[in-house]
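Q: I have a structure here, written as structure tokens, and I will follow up with some questions on it.
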Amino acid sequence: MQKNFIPELLAPAGSPACALAAFDAGADAVYAGLAKFNARERGENFTPEMMGKIIDYAHRNGKKVYVTLNTLVKESELREVAETLGLLSDLAPDALLVQDLGVLRMAREYFPELKLHASTQMGFHNSAGLRVAEALGVERVVLERQVTMKELTILRASTKLELECFVHGALCCSLSGSCYFSSFLGGASGNRGKCKQPCRRRYFAKDGNGFFFSPQDLCGIELLAQFKKLHIESLKIEGRLRQSDYVSAVTAAYRKLLDLPDEEIAGHLAEARNELSHAYGRRWSHGFYTAESARSLIRQDAFGASGLRCGTVESVRDNGFGFTATNRVGLGDRLRVQPPTGDDGVAVTLTKIFVENRAATRARQGERIFVCCDKPVAMNGQVFKIGESAGDYTKRLAALPRRRAKLALNVQLDGTKIAVRCLNAPLKMWEKNLPLAPARNAGCGTDQLAGEFSHSDNPDFELGNLTAEISGNWFFPAPLLKEVRREFWHYAASALKPEQLIGDTGIALEKFRRDYLAMIPAALAEKSVETVALTFDGAEPANRRARRAMSVFELNKLATEAILPEFCPEEKLGILRKAILAAVERKVTRFRITSLYALALFDDCRDKVTLVSSFPLPAANSMAFRELAGFGVVQAMAHIELERSAVEELLQHAEISVELYRHGRPALLTSRAAIPVNGFFHDKRGNGFEAVCDRFDHLTRIYPKQVVSIPRLAGTLDFYDLRRANWKSPEITSFNFDGNWE
């Protein structure tokens, strides 16, 4: 095993400028998204043209680009997703990060040339989950951010898949892909890239107020030697909503440490901390990697805002605001003003300031500063510096060469002539007579031809794939081969336009359209049978014929269905497997899968069980339903965030039965962190919630005070969750069902 293994350093690129900054600072790869279907839609992101240019730039410089297509998608968006996959197939990134099971299936089936990485939003956190990931066809798994270092050690030994771990940046309080907080409070979903970060706000409880769900940032410099020892393939920096100065500073600091021998890292940590201090984040922690860090990850008295505190707003006018600087600020810096309420603050880039009533370029500690801006700022708001003046990448980005179309060529060579045929364009075969002599040793081969033809000076075309049919063993002088190459590319430029290329994308899209139209929705079986989730000694179902679903760990003699936990730490997988077998022995053979990992737990009893999938495992479209069916799932719950019209569209194509979460209090946020509130609390708008810590998995779950209750929808099965709800709750909501899931 390599002694000084160096993982890939993966940096965020929320904009083209950030991509260049990351590469300049030493990143091996960046992850970036197009304007839609990525988990950071609030960022600047990339146009397809610029994405192509950045991918080409990266490949010319030995770097990589991973494109994020990591949100859940509705039924009505599947065709647009297919077109996006076709576009990405042409752009040829190094991999695609995916959350939605349907998107993953579409990419794997119709665009197999795309390498797939499982996004952290898929929630893989144990060895059973990695087995499922292998079956899904991904090459790399971005692990759940709440995996511990101890668990990571076991996971590394359990799989040959590439593993990617977050090493620096902001942390979510909730398990990845299992947060519905923002969506519940207004439809802006984190699963759609539009999270409003309610976890960063102030909340109010009987025993005190505070920022109960705002974790400190992750800083993993002290853990690098452990990551390297485990051979974790990729270390990921969070921050696609940050600017190029942040990306540059953080990437450079980690690059220097990673390149050091393991035994020398500790001696350079102080220098790295100093460099990272210019990235202006929140207080640092080891995230969830250590038990001590997880216990102290959330400080309820710390503002959710990130950055260096620089003062408190003392005056507000129509054209700006004033404060006394507690730290140095200057033109080009970016400030965020956090209102006293803890709500989202406004961000301002300093373009004009007055210091002690005079125009200035910077203010020192203790000086009074007035910032000119036209944004509304709250009196007594806390002022944080979140960035400094960054380099201007405008000219470099403008100078990036436009992407050239790739020609797939077949070369036929014998001792008398060379013939070049284009496989993906309506171009006549080009031929040239050659007086070649037999080679004394190894003659001209495919590698030599491909190497020469790749040197295209044509602004529109370059070499894609090249295959060769060579009859005989011929000596091809380098000057003559160069002349042949120039003549062919000149011919191609004069006879062909880029838009004439015939790619595989169109064929794949047409195949998808045909297959999609041929999908036959499942006939609704057992119309009168509903499922009611119960606790061991709780409420009873109103319908005596209803299935009784209970936790697999708390089955009573009346239970007919076992609910598996959505999160199972590695150390408890064995306990869960035993509980499944015990349930089967008790004739409970119907199991409710709430997370992908559980699909790998039935090898010993597959022929004896019936599997259904349920919240919080997301299935938002018919292609996701098809993927679950491939694992033996016979019924799936429509994703809980879907609105009525989206469910109705799903019903037109779902090939297995569709169930709806019709009544209950679903967990809006689930965390392994020590949450500093227990019981009921509320926000400033009066929305009520309840924090409950589970005794089996020690997870804290946040439930809404309101009960989600939606009407019956023809063609669906009903699921009623009475574990934390009753039939007569005075406060109900339809969640997004009567609105719109953004």
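Q: Contact list please: Cβ distance under 9 Å, first residue in segment 706-727 and more than 14 Å from Leu651 (Cβ to Cβ) and in contact (Cβ under 8 Å) with a residue 24 or more places away in the chain, second residue part of a strand (DSSP E or B) and open to solvent by 60 Å² or more (accessible area, probe 1.4 Å), pairs at least six apart or on different chains.
A: Listed pairs, sorted by first residue: Gln706/Ile732; Val707/Ile732; Val708/Ile732; Ser709/Ile732.
Let's see how each residue does on (1) touching a strand residue (DSSP E or B) at 6+ places or on another chain (Cβ under 9 Å); (2) open to solvent by 10 Å² or more (accessible area, probe 1.4 Å); (3) at pLDDT below 95:
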residue: Thr153; (1), (2), (3): no, yes, no
residue: Arg156; (1), (2), (3): yes, yes, no
residue: Cys165; (1), (2), (3): yes, no, no
residue: Cys199; (1), (2), (3): yes, yes, yes
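The rows are residues; the columns are (1) surrounded by 21 or more Cβ atoms within 10 Å (Cβ to Cβ); (2) in contact (Cβ under 8 Å) with a residue 12 or more places away in the chain; (3) under 19 Å from the mean Cα position of the chain (by Cα).
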site: Ala619; (1), (2), (3): yes, yes, yes
site: Met637; (1), (2), (3): yes, yes, no
site: Ile640; (1), (2), (3): yes, yes, no
site: Arg644; (1), (2), (3): no, yes, no
site: Tyr661; (1), (2), (3): yes, yes, no
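Q: Among the residues of segment 309-331, is there at least one that is at pLDDT below 90 and either charged (D, E, K, R) or within 21 Å of Gln197 (Cβ to Cβ) (or both)? It would help to see each step written out before you state the result.
A: We begin by selecting, within segment 309-331, every residue at pLDDT below 90; these are none.
Scanning segment 309-331, I find no residue that is at pLDDT below 90 and either charged (D, E, K, R) or within 21 Å of Gln197 (Cβ to Cβ) (or both), so the answer is no.
Q: Sticking with this structure for a sec: Since Asn274 meets every condition but one in (1) touching a residue at least 24 places away in the same chain (Cβ under 8 Å); (2) open to solvent by 30 Å² or more (accessible area, probe 1.4 Å); (3) over 22 Å from the mean Cα position of the chain (by Cα), which condition does it not meet?
A: If we test Asn274 against (1) touching a residue at least 24 places away in the same chain (Cβ under 8 Å); (2) open to solvent by 30 Å² or more (accessible area, probe 1.4 Å); (3) over 22 Å from the mean Cα position of the chain (by Cα), just (1) comes out false.
Q: Quick check: is even one residue across segment 446-456 closer than 30 Å to Thr84 by Cβ and either surrounded by 12 or more Cβ atoms within 10 Å (Cβ to Cβ) or out of contact with any helix residue (DSSP H, G or I) (no Cβ under 6 Å at 6 or more places or on another chain) (or both)? Steps first, answer last, please.
A: So the first thing to find is which residues in segment 446-456 are closer than 30 Å to Thr84 by Cβ, and the list is 454, 456.
Now drop any that are not either surrounded by 12 or more Cβ atoms within 10 Å (Cβ to Cβ) or out of contact with any helix residue (DSSP H, G or I) (no Cβ under 6 Å at 6 or more places or on another chain) (or both), which leaves 454, 456.
Taking every residue of segment 446-456 in turn, at least one turns out to be closer than 30 Å to Thr84 by Cβ and either surrounded by 12 or more Cβ atoms within 10 Å (Cβ to Cβ) or out of contact with any helix residue (DSSP H, G or I) (no Cβ under 6 Å at 6 or more places or on another chain) (or both).
Q: Same structure, new question: Those residues that are part of a loop (DSSP other than H, G, I, E, B), of a type in the set (Val, Ile, Thr) and farther than 18 Å from Leu717 by Cα, I need them from segment 630-687; list them, please. Reasoning before the result, please.
A: Kept after step one, since they are part of a loop (DSSP other than H, G, I, E, B), are these residues of segment 630-687: 630-632, 638-643, 652-656, 665-668, 672-678, 683-687.
Filter again for of a type in the set (Val, Ile, Thr), leaving 640, 656, 675, 677.
Across segment 630-687, the qualifying residues are Ile675, Val677.
Q: Output yes when any residue across segment 468-489 is assigned to a loop (DSSP other than H, G, I, E, B), of a type outside the set (Gly, Ala, Ser), in contact with a strand residue (DSSP E or B) (Cβ under 8 Å, 6 or more places away or on another chain) and open to solvent by 40 Å² or more (accessible area, probe 1.4 Å), and no when none is.
A: Yes - at least one qualifying residue is present in segment 468-489.
Q: Among the candidates Tyr31, Tyr57, single out the residue that is open to solvent by 20 Å² or more (accessible area, probe 1.4 Å) and of a type in the set (Phe, Trp, Tyr). Before you say what the answer is, go through the steps one by one.
A: Numbers: Tyr31 fails: open to solvent by 20 Å² or more (accessible area, probe 1.4 Å).
That would be Tyr57, the only listed residue that is open to solvent by 20 Å² or more (accessible area, probe 1.4 Å) and of a type in the set (Phe, Trp, Tyr).
Q: Any idea which of (1) out of contact with any Asp or Glu (no Cβ under 9 Å at 6 or more places or on another chain); (2) under 26 Å from Ile593 (Cα atoms) is the one Val142 doesn't satisfy?
A: Of everything listed in (1) out of contact with any Asp or Glu (no Cβ under 9 Å at 6 or more places or on another chain); (2) under 26 Å from Ile593 (Cα atoms), Val142 misses just condition (1).
Q: Give all pairs with beta carbons closer than 8 Å in which a residue from segment 468-490 that is among the polar types (S, T, N, Q) meets a residue that is open to solvent by 70 Å² or more (accessible area, probe 1.4 Å); count only pairs at least 6 apart in sequence or on separate chains.
A: Once the first residue is among the polar types (S, T, N, Q) and sits in segment 468-490, its partners that are open to solvent by 70 Å² or more (accessible area, probe 1.4 Å) give Asn473/Pro438; Asn473/Ala442.
Q: Checking Glu571 against (1) assigned to a loop (DSSP other than H, G, I, E, B); (2) surrounded by fewer than 15 Cβ atoms within 10 Å (Cβ to Cβ); (3) of a type in the set (Asp, Glu), which single condition isn't satisfied?
A: Here Glu571 meets the rest and fails (1).
Q: Can you give me the number of residues within segment 493-507 that are closer than 21 Å to Arg79 by Cβ and among the polar types (S, T, N, Q)?
A: So the answer is 1.
Q: For Phe212, state whether it is open to solvent by 30 Å² or more (accessible area, probe 1.4 Å), closer than 25 Å to Ala302 by Cβ, aromatic (Phe, Trp, Tyr) and touching a residue at least 24 places away in the same chain (Cβ under 8 Å).
A: Details: open to solvent by 30 Å² or more (accessible area, probe 1.4 Å): no; closer than 25 Å to Ala302 by Cβ: yes; aromatic (Phe, Trp, Tyr): yes; touching a residue at least 24 places away in the same chain (Cβ under 8 Å): yes.
Judged against the criteria, Phe212 is not a match.
Q: A follow-up question, please. Among the residues of segment 490-506, what is the count of those that are open to solvent by 80 Å² or more (accessible area, probe 1.4 Å) and polar (S, T, N, Q)? Walk me through how you get there before you give the answer.
A: So the first thing to find is which residues in segment 490-506 are open to solvent by 80 Å² or more (accessible area, probe 1.4 Å), and the list is 490, 494, 497, 499, 502, 504.
Now drop any that are not polar (S, T, N, Q), which leaves 494.
Matching residues across segment 490-506 total 1.
Q: Let me ask another. If you go through segment 354-398, how many residues are in contact (Cβ under 8 Å) with a residue 60 or more places away in the chain and either farther than 24 Å from Ala279 by Cα or buried (at least 17 other Cβ atoms within 10 Å of the Cβ) (or both)?
A: 15
Q: Continuing with the same structure: I want to confirm something. Restricting to segment 114-131 and keeping residues that are closer than 19 Å to Tyr31 by Cβ and not small (Gly, Ala, Ser), which single residue is surrounded by the fewest Cβ atoms within 10 Å (Cβ to Cβ)?
A: Applying the first criterion (closer than 19 Å to Tyr31 by Cβ) to segment 114-131 yields 114-124.
Restricting the remaining residues to those that are not small (Gly, Ala, Ser) gives 114-117, 120-122, 124.
On the way: Leu114: 21, Lys115: 15, Leu116: 22, His117: 26, Thr120: 28, Gln121: 25, Met122: 31, Phe124: 30.
Only one residue tops the list, namely Lys115.
Q: Suppose we filter segment 585-612 for residues that are closer than 21 Å to Glu570 by Cα and of a type in the set (S, T, N, Q); how many remain?
A: The number of residues fulfilling the criteria is 2.
Q: Out of all the residues in segment 201-227, which are out of contact with any strand residue (DSSP E or B) (no Cβ under 9 Å at 6 or more places or on another chain) and more than 19 Å from Arg273 (Cα to Cα)? Before you say what the answer is, go through the steps one by one.
A: Step one: of segment 201-227, the residues out of contact with any strand residue (DSSP E or B) (no Cβ under 9 Å at 6 or more places or on another chain) are 201, 208, 222, 225-226.
Within segment 201-227, Arg201, Gly208 meet the criteria.
Q: All but one of (1) assigned to a helix (DSSP H, G or I); (2) among the charged types (D, E, K, R); (3) over 19 Å from Gln635 (Cβ atoms) hold for Asp603; which doesn't?
A: (1)
Q: Here's a follow-up. Could you tell me how many of the residues in segment 691-742 are closer than 30 Å to Asn126 by Cα, among the hydroxyl-bearing types (Ser, Thr, Tyr) and over 27 Å from the mean Cα position of the chain (by Cα)?
A: Adding up the residues that qualify gives 1.
Q: A further question follows. Of everything in segment 507-522 that's in contact (Cβ under 8 Å) with a residue 60 or more places away in the chain and open to solvent by less than 50 Å² (accessible area, probe 1.4 Å), which residue is farthest from Pro438 (Cα to Cα)?
A: First, the residues of segment 507-522 that are in contact (Cβ under 8 Å) with a residue 60 or more places away in the chain: 508-509, 511-513, 516, 519-522.
Retained after the next criterion (residues that are open to solvent by less than 50 Å² (accessible area, probe 1.4 Å)): 508-509, 512, 516, 519, 522.
On the way: Ala508: 44, Leu509: 47, Phe512: 49, Tyr516: 55, Met519: 58, Ala522: 66 Å.
Among those that are in contact (Cβ under 8 Å) with a residue 60 or more places away in the chain and open to solvent by less than 50 Å² (accessible area, probe 1.4 Å), it is Ala522.
Q: Determine whether segment 618-626 contains at least one residue that is among the basic types (Lys, Arg) and at pLDDT 95 or above.
A: Scanning segment 618-626 turns up at least one residue that is among the basic types (Lys, Arg) and at pLDDT 95 or above.
Q: Of the residues Ala253, Ala225, which is open to solvent by less than 30 Å² (accessible area, probe 1.4 Å) and farther than 24 Å from Ser174 by Cα?
A: Unique residue meeting the criteria: Ala253.
Q: Does segment 132-145 contain any residue that is touching a strand residue (DSSP E or B) at 6+ places or on another chain (Cβ under 8 Å), open to solvent by 10 Å² or more (accessible area, probe 1.4 Å) and closer than 22 Å to Ser189 by Cα?
A: For segment 132-145, residues touching a strand residue (DSSP E or B) at 6+ places or on another chain (Cβ under 8 Å), open to solvent by 10 Å² or more (accessible area, probe 1.4 Å) and closer than 22 Å to Ser189 by Cα: present.
Q: Right, next: Applying the selection to segment 92-104, what residues are crowded, with 21+ Cβ neighbours inside 10 Å and outside any strand (DSSP E or B)?
A: Pro93, Gln99, Asp100, Leu101, Gly102, Val103, Leu104 - these are the residues of segment 92-104 that are crowded, with 21+ Cβ neighbours inside 10 Å and outside any strand (DSSP E or B).
Q: Still on this structure: In segment 87-115, how many are basic (Lys, Arg) and within 16 Å of the chain's Cα centre (by Cα)?
A: Step one: of segment 87-115, the residues basic (Lys, Arg) are 105, 108, 115.
Adding the requirement that they be within 16 Å of the chain's Cα centre (by Cα) leaves 115.
Count: 1.
Q: Name the one entry in Arg665, Arg695 that is of a type outside the set (Asp, Glu), over 25 Å from Ala188 (Cα atoms) and either modelled with pLDDT of 95 or more or open to solvent by 10 Å² or more (accessible area, probe 1.4 Å) (or both). Don't jump to the end; show me each part of the working.
A: Numbers: Arg665 fails: over 25 Å from Ala188 (Cα atoms).
Arg695 is the lone residue from the list that is of a type outside the set (Asp, Glu), over 25 Å from Ala188 (Cα atoms) and either modelled with pLDDT of 95 or more or open to solvent by 10 Å² or more (accessible area, probe 1.4 Å) (or both).
The values are calculated or read from the model by the stated rules, or taken from the named source; none is laboratory data. Keep in mind the model is a prediction, meaning the values are calculated, not measured. Note: ideal-geometry Cβ built from the backbone for every residue, glycine included; neighbour counts use all protein chains shown. Accessible surface areas use protein heavy atoms only, side chains included; no ligands, DNA or RNA. Shrake-Rupley method; radii C 1.70, N 1.55, O 1.52, S 1.80 Å.
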